[in-house]
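First the structure, in the form of structure tokens, and then the observations on it.
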Amino acid sequence: MAARHWKGSLELNIGQQTLQLFLDDGVLGDTASTADCQITYSGETAVWQKLLEAVPIRFHNDLMANLSSGQGITRHGDPLVHAQYFAAVARAVELLRPATPSDPDETLDRKAQGVIDAPIGRYVHIELQGHDHRIYFEEAGQGIPLLMQHTAGAHGSQWRHLFEIPEITDRFRLIAYDLPFHGKSVPPASRQWWQEKYDLKGDYLRSIPIKLSQALGLHQPVFMGCSVGGLLALDLAHKHADQFRAVISVEGALKIKGNLKSLETIWHPQVSNEYKARLMEGLMSPSSPQAYRKETSFVYSSGWPPAFIGDLYYYITDYDLSHQAHEIDTDEVAVHILSGEYDYSGTAELGRSASEAIKGSTWQEMKGVGHFPMSENPRAFLKYLLPILDQIVGK
């Protein structure tokens, strides 16, 4: 399915050994149909041995993880063709790995027919940049308000598992919202948004949780965000410390290096949303339950096409606390940073450096998870989140 319509070839150079797949309209053949549609990955045998382990170690779990972190793999071929067929390439590598036992039943949401989950979904109107926005949010629980911000290009369903944990909802009022242009928060009707380039900028993004807090009557909420939301958590601690009692920055950093120009294929008329989805799987741990990994990537395949690259404007270009992090006063707002072991974007090293720059903050590396701990492996995430929530309640 992933190789459908591909007329070309995949070549893997493993040391001195070359493996080739020839495809004609996605069907295996004897020769390449189109030389321009060849994708080649190369590396030393020792590097491939790590990539082809049944459960690869950090940064060797995915070709793009290896490539992006400079672990020894190189790539040649048309970047557009690569984006179009990366899902097929990734699947080919998966099939070269030893078979592993099926995932154990680690689901938290296996329930009897007719059971209704805890969260209630509603809409609230807030004004952003002079326009009325109808913001969708889901909530459950009681106690200290906890606002939860999803990752770039996604929506609030990433937090769904936390709503079902009484140990959390007995003490916290969880509120997971969809950013405008994401999930069920449809664009405002009062502006011609379809004629504009979507770039998520800090002043606009920072205003959303603050205005939500005001609209919902929240007093000194906790803010927790992941990825873009993780950066936002630190941004809010720096610029709006008086509005929050604590922030939890999941996959946070002071600066994410990157070049948006090199990511143009994320939103390209000849590349489907499947590319974004498969890229996200490389940011997750191979030991996270497969069903949850696939659900996480499914959310990415379902989003408004410009949303992901537009959110990355804030993630890569707009946000930078490299020279201001020391100004954050953790006596005014507590700061907690959590970093996934397998995350090759907001790496554990970046999270640790951020914590070192913010006096009084806490940091932990979450073993066995990647960029989306709350959705890819909620059981593992809870081991790190619950002690932080205990600390917040104890203050």
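The values are calculated or read from the model by the stated rules, or taken from the named source; none is laboratory data. Remember, it's a predicted structure, so these values are computed and weren't measured experimentally. Backbone-built Cβ (ideal geometry, glycine too); neighbour counts: all protein chains shown.
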Of (1) buried (at least 22 other Cβ atoms within 10 Å of the Cβ); (2) in a loop (DSSP other than H, G, I, E, B); (3) touching a helix residue (DSSP H, G or I) at 6+ places or on another chain (Cβ under 8 Å), S375 fails just (2)
Extreme residue, nearest to P180 (Cα to Cα), among residues of region 229-280 that are touching an Asp or Glu at 6+ places or on another chain (Cβ under 6 Å) and of a type in the set (D, E, K, R): E251
Within region 304-319, identify whether any single residue is closer than 20 Å to M224 by Cα and in a loop (DSSP other than H, G, I, E, B), and answer yes or no. yes
List the pairs whose first member sits in region 152-167 and is over 13 Å from P119 (Cβ atoms), whose second member is aromatic (F, W, Y) and crowded, with 23+ Cβ neighbours inside 10 Å, and whose Cβ atoms are under 8 Å apart, counting only residues at least 6 apart or on separate chains? A152/F308; A152/Y315; G153/Y300; G153/F308; A154/Y300
Of all the residues that make up region 209-241, how many are in contact with a strand residue (DSSP E or B) (Cβ under 7 Å, 6 or more places away or on another chain), within 17 Å of M374 (Cα to Cα) and not in a helix (DSSP H, G or I)? 5
Check off (1) within 21 Å of S375 (Cα to Cα); (2) over 23 Å from the mean Cα position of the chain (by Cα); (3) in a strand (DSSP E or B) for I116 and give me the number that stays unchecked. (3)
Of the residues T169, T151, only one is at pLDDT 95 or above, more than 28 Å from K276 (Cβ to Cβ) and buried (at least 20 other Cβ atoms within 10 Å of the Cβ); which? T169
For region 338-388, the count of residues that are among the basic types (K, R) and under 24 Å from A277 (Cα atoms) equals 2
Here are some conditions: (1) without any contact (Cβ under 8 Å) to a residue 24 or more places away in the chain; (2) out of contact with any Pro (no Cβ under 7 Å at 6 or more places or on another chain); (3) not in a strand (DSSP E or B). T18 meets all but one. Which one does it not meet? (3)
Among (1) touching an Asp or Glu at 6+ places or on another chain (Cβ under 8 Å); (2) at pLDDT 95 or above; (3) over 13 Å from K257 (Cα atoms), which single condition is Y313 missing? (3)
Every residue in region 321-350 that is buried (at least 17 other Cβ atoms within 10 Å of the Cβ) and assigned to a loop (DSSP other than H, G, I, E, B), please. L321, I328, T330, V333, E341, Y342, D343, Y344, S345, G346, T347
